[in-house]
Amino acid sequence: MVALMVGLMALSTLFADGRTHTYYNQARNNFGGLYPAPGMRMAGRYKAIEDDLLIEENATMATAITLDTMNIASRSYNYVLRIANLNNKQGKTYSIKNPMTGSKTTLTSTSWGLVFNYDEQGNYYAVVLECDNSTPYDDITDKRTMKVMLIEHTPEQSRVVAQTTLERGISLEDGMNTLSIDVDEHGVTVAIGRNDTLEGVLETTSLRQPDGAVAVGYLVGPGARVAIECAALTVYNDNQVADLQTEWTREALDEYFAQSADPVEGYWQYLDRDMDDEWLRLGGRYTLATVQSVNGYEIIYIDGAKVKKSLWNLGMLKGHIFKTIFTGNYDLFWIDATMEPIDDEAYATIENGVILTLNFPTYKSQVRLSKILKIDD
């Protein structure tokens, strides 16, 4: 028991002093951390809290940006918005006004989205959403879609870095969608979904790295009227990824397993799950490796991450299973997709040497992996 506790304490030092910090903006704090970007015009914009939602309407011809007041010094963070565009109904038109001339223009399609890496010079990136119909006057061939664009903006110009078109899995009118970005020094991954089940839709490594602190927020395009249910910013310690990186490479693991006679060591691939998504969400269909270490086996990440995909590299520590007095039963220390530890009553079992089950009873969930002889290249 003493040896087991020492092992757990050694792993736990990786997570001392709080590796992540999450900041929320929602009705319970009156969305107090969200303010217009510096220099943005307020004329023609309406902003209020209605029915626990932050409502912002933009009746001007310029895009309106609202930022979180939390400055981000880390290069690794996640930003999630529960957001809807109330001015996004099929067959409707929306009016905007030119503040200089007073003339009005009507739009059939309005845009909205998320802003990140906003710096003091007004440079930023944005994930912009826009819905449209292919043939609005033909009920047979008409198809409504959402265009998702990753845009780089500087004071001189804007350019589309990447884009895709979606037809399902999201609200294509005025319902809530969850929009998420994972940013690190390697790039950004964009995910979106109607509820908490998100699908990665865009990914790029060609991000311009800012010189100093940055901000995140949301944008309201001309004619749009957005509703924000919640905004959550999670900032990671820049040393977190480096702390979890081991010396194992794919080649070193292959060579080591070729000489190993330990039936617990080897590669394991996602098989299935039994999870309560309200308590725990699947971080990915992982491929892992188990390697003998003090008091048990290290769990090494190989592939398959979906959540925080850009942060996980082959050879990173994903957890540890510790031997107990019961054959085939292990205490489990697990590092989740957001690089937070889970060890509260967690345990692992190995059945017939071929099924590894990770059990998280506190979260009413389990994940099974099957033993594989090799990984397909």
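Filter segment 38-56 down to the residues that are of a type outside the set (A, V, I, L, M) and open to solvent by 60 Å² or more (accessible area, probe 1.4 Å) and list them by number. Scanning segment 38-56 gives Pro38, Gly39, Arg41, Tyr46, Lys47, Glu50, Asp51, Asp52. The strands (runs of 3 or more DSSP E) found wholly in segment 169-242 and carrying at least 1 residues that are of a type in the set (Asp, Glu) and under 23 Å from Val307 (Cβ atoms) occupy 177-184, 199-204, 225-236. The single condition from (1) surrounded by fewer than 23 Cβ atoms within 10 Å (Cβ to Cβ); (2) closer than 16 Å to Ile228 by Cβ; (3) not basic (Lys, Arg) that Ser134 fails is (2).
Every residue, every condition in (1) under 26 Å from Glu255 (Cα atoms); (2) in a loop (DSSP other than H, G, I, E, B); (3) β-branched (Val, Ile, Thr), yes or no:
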site: Leu314; (1), (2), (3): yes, yes, no
site: Glu345; (1), (2), (3): no, yes, no
site: Gly353; (1), (2), (3): yes, yes, no
site: Gln366; (1), (2), (3): no, no, no
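Considering (1) within 25 Å of Gln157 (Cα to Cα); (2) open to solvent by 40 Å² or more (accessible area, probe 1.4 Å); (3) under 19 Å from the mean Cα position of the chain (by Cα); (4) not β-branched (Val, Ile, Thr), the lone condition that Lys97 does not fulfil carries the number (3).
Given Gln269, Gln292, which one is touching an Asp or Glu at 6+ places or on another chain (Cβ under 8 Å), open to solvent by 40 Å² or more (accessible area, probe 1.4 Å) and assigned to a strand (DSSP E or B)?
On the way: Gln269 fails: touching an Asp or Glu at 6+ places or on another chain (Cβ under 8 Å).
Every option except Gln292 fails the conditions.
If the condition is being open to solvent by 50 Å² or more (accessible area, probe 1.4 Å) and either assigned to a loop (DSSP other than H, G, I, E, B) or touching a residue at least 12 places away in the same chain (Cβ under 8 Å) (or both), then segment 100-122 contributes Met100, Thr101, Ser103, Thr105, Thr106, Thr108, Glu120, Gln121. Being charged (D, E, K, R), modelled with pLDDT of 90 or more and within 21 Å of the chain's Cα centre (by Cα) is the filter here; which residues of segment 274-324 pass it? Selection gives Arg285, Asp303, Lys318.
Checked against (1) outside any strand (DSSP E or B); (2) in contact (Cβ under 8 Å) with a residue 24 or more places away in the chain, Trp334 passes all but a single condition, namely (1).
Would you be able to say whether some residue in segment 58-68 is outside any strand (DSSP E or B) and open to solvent by less than 30 Å² (accessible area, probe 1.4 Å)? Spell out how you get there, then give the answer.
Of the residues in segment 58-68, the ones outside any strand (DSSP E or B) are 59, 61-63.
In the following step, the residues that additionally are open to solvent by less than 30 Å² (accessible area, probe 1.4 Å) were identified as none.
No.
For segment 79-99, enumerate the residues that are in contact with a Phe, Trp or Tyr (Cβ under 8 Å, 6 or more places away or on another chain) and assigned to a strand (DSSP E or B). The answer is Tyr79, Leu81, Ile83, Asn85. Return a yes/no flag: does segment 123-131 have any residue that is open to solvent by less than 40 Å² (accessible area, probe 1.4 Å), in contact (Cβ under 8 Å) with a residue 60 or more places away in the chain, under 25 Å from Asn313 (Cβ atoms) and touching an Asp or Glu at 6+ places or on another chain (Cβ under 8 Å). For segment 123-131, residues open to solvent by less than 40 Å² (accessible area, probe 1.4 Å), in contact (Cβ under 8 Å) with a residue 60 or more places away in the chain, under 25 Å from Asn313 (Cβ atoms) and touching an Asp or Glu at 6+ places or on another chain (Cβ under 8 Å): present. Residues in segment 149-168 that are assigned to a strand (DSSP E or B) and under 20 Å from Arg208 (Cβ atoms): Met149, Leu150, Ile151, Glu152, His153, Ser158, Arg159, Val160, Val161, Ala162, Gln163.
Suppose the filter is part of a strand (DSSP E or B) and open to solvent by 80 Å² or more (accessible area, probe 1.4 Å); does Tyr35 pass it? It is true that Tyr35 is part of a strand (DSSP E or B) and open to solvent by 80 Å² or more (accessible area, probe 1.4 Å).
The values are calculated or read from the model by the stated rules, or taken from the named source; none is laboratory data. These numbers come from a predicted model, not from an experiment. Note: ideal-geometry Cβ built from the backbone for every residue, glycine included; neighbour counts use all protein chains shown. When the accessible area is computed, the model is the full protein with side chains, heavy atoms only, and any ligands, DNA or RNA have been set aside. Shrake-Rupley method; radii C 1.70, N 1.55, O 1.52, S 1.80 Å.
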